[in-house]
Amino acid sequence: MRKHTIVALVQDRPGVLSRVAGLVRRRGYNIESLAVGHSEQPGISRMTIVVESDQIDQVVKQLYRLIEVIKVSDVTDDPTVEREMVVLKLHVAPPARHEIVSISTVFEAKIVDVGVNSMIVEMTGTPSKVENFIEVVRPYGIKEMMRTGRIAMVRGARGHNAEQYVENNSATVPALN
């Protein structure tokens, strides 16, 4: 099975996230990553869903059946900018801290907290760069880890401009002033 990145514009209403996740689950696909947040247009949220499926067209068609879904695109083969963030709490004794600082500098990560025997590091980058960072610091002892879902945006002029759906489809999504 192939991993696909789907970007969807949805109405910002209670229960939409649950309905989208439930629909994908009922089709028997595992959601590897799911990130959702406000878009540039009030009342519309943007979702990025990473799912393993050989029948991604079926997933996209089913998502369109949800009333709150405005636009869905499989952007897997499109030129995109993808980002992910990880926050790690590492078990690091004071003598080894300089090593973590050096590694963090190479990966453009930030040290956001230092404790007696721990450090919390934040790193943002492409999903593969985040994965590489985790593997490099793993030998130091990861106490806790939180990784966001992937977010993606199509490069260039083509994309998912939420504003155009408010203006061109006012019956579906009311414009909020």
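The values are calculated or read from the model by the stated rules, or taken from the named source; none is laboratory data. What you are looking at is a predicted structure, and each value in this text was computed from that prediction instead of being measured. Glycine gets a Cβ as well: all are built from the backbone with ideal geometry, and neighbour counts include every protein chain shown.
Select from the range 17-36 the residues that are of a type outside the set (D, E, K, R) and free of Cβ contacts under 8 Å to residues at least 12 places away in the same chain and write down the one among them that is nearest to Ile151 (Cα to Cα).
Among those that are of a type outside the set (D, E, K, R) and free of Cβ contacts under 8 Å to residues at least 12 places away in the same chain, it is Ser18.
In the list Pro42, Pro79, Pro14, which residue meets the criterion of being over 23 Å from Arg147 (Cα atoms) and in contact with a Lys or Arg (Cβ under 7 Å, 6 or more places away or on another chain)?
Pro79 is the lone residue from the list that is over 23 Å from Arg147 (Cα atoms) and in contact with a Lys or Arg (Cβ under 7 Å, 6 or more places away or on another chain).
Are any residues in the range 38-63 surrounded by fewer than 16 Cβ atoms within 10 Å (Cβ to Cβ) and in contact (Cβ under 8 Å) with a residue 60 or more places away in the chain, and if so, which ones?
Glu40, Pro42, Gly43
Could you list, in sequence order, all residues of the range 1-54 that are at pLDDT 90 or above, in contact with a His (Cβ under 8 Å, 6 or more places away or on another chain) and charged (D, E, K, R)?
Asp12, Arg46
Would you check which residues across the range 68-94 are of a type in the set (A, V, I, L, M) and over 18 Å from Ser39 (Cβ atoms) and list them?
Met85, Val86, Val87, Leu88, Leu90, Val92, Ala93 - these are the residues of the range 68-94 that are of a type in the set (A, V, I, L, M) and over 18 Å from Ser39 (Cβ atoms).
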